[in-house]
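Peer 1: What follows is a structure written as structure tokens; I'll ask about it next.
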Amino acid sequence: MEDHEAIVRAMPDWWADSRTPEQARQLTLLLPRLFFEHFSGTSLVMDGDDGMDGFLVGFHSADHPDEAYIHFVGVDPTRRKGGIARALYERFFEEAAAAGLTKVKAITSPANTGSIAFHQAMGFDVHEPRPGYDGPGQDRVRFEKTL
């Protein structure tokens, strides 16, 4: 995927409505270039008439051969509520199922109520927050969907 630079450049603007400029910039640290070099075949970008509408970075697990994982998803704020995230997820599900995978997993912060609601609407089972999942003070809600 040659979209790393465009995605990282868009992220601070796309999350400006919910984070400080520094917090929005720090989100880019969750998407180092290695994700785009090693998971480009399982990650997706949706382009519109005016550029990128959204993206999904995901992969098929090397250690759990029946699982796929969605690491990060973003949608241009001017295009939210238009079905872009749903379309990206559905395409990821289709491609994972075609590869013989039977589960998709993801995580988010307990404070990200929008993400929790979205995953519920997409048919994921939502698990209670796990304290310290990503380290001290980094609790995470876990999602799992059977394909």
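Peer 1: Picking from T113, T108, T146, which residue would you name as being of a type in the set (V, I, T) and out of contact with any Ser or Thr (no Cβ under 9 Å at 6 or more places or on another chain)?
Peer 2: T113
Peer 1: Only residues that are of a type in the set (D, E, K, R) and within 18 Å of I7 (Cβ to Cβ): list them for the range 63-84, please.
Peer 2: Answer for the range 63-84, where residues must be of a type in the set (D, E, K, R) and within 18 Å of I7 (Cβ to Cβ): D76, R79, R80.
Peer 1: Oh, and also: Being open to solvent by 60 Å² or more (accessible area, probe 1.4 Å) and in a helix (DSSP H, G or I) is the filter; apply it to the range 119-128 and report the residue that is nearest to V141 (Cα to Cα).
Peer 2: Here the residue is Q120.
Peer 1: What do you reckon, is R86 open to solvent by 70 Å² or more (accessible area, probe 1.4 Å), touching a helix residue (DSSP H, G or I) at 6+ places or on another chain (Cβ under 9 Å) and not in a strand (DSSP E or B)?
Peer 2: Here the answer is yes, as R86 does meet what is asked.
Peer 1: Still on this structure, please answer the following. Look at F92 and say whether it is of a type in the set (A, V, I, L, M, F, W, C), within 22 Å of G135 (Cβ to Cβ) and in contact with a Leu (Cβ under 7 Å, 6 or more places away or on another chain).
Peer 2: So F92 fails the test.
Peer 1: Another question, if that's okay. Given (1) in a strand (DSSP E or B); (2) open to solvent by less than 50 Å² (accessible area, probe 1.4 Å); (3) more than 22 Å from E5 (Cβ to Cβ), where does A96 come up short, assuming only one miss?
Peer 2: It is condition (1) that A96 fails.
Peer 1: Scanning the range 14-30 for residues that are touching a residue at least 24 places away in the same chain (Cβ under 8 Å) and open to solvent by 70 Å² or more (accessible area, probe 1.4 Å), which turns out nearest to the chain's Cα centre (by Cα)?
Peer 2: Result: L30.
The values are calculated or read from the model by the stated rules, or taken from the named source; none is laboratory data. Keep in mind it's a predicted model, so treat the numbers as computed, not measured. Quick reminder, even Gly has a Cβ in these numbers, built from the backbone with ideal geometry, and neighbours come from all protein chains shown. Please note that ligands, DNA and RNA were not included when accessible areas were found on the heavy atoms of the full protein model with its side chains. Shrake-Rupley method; radii C 1.70, N 1.55, O 1.52, S 1.80 Å.
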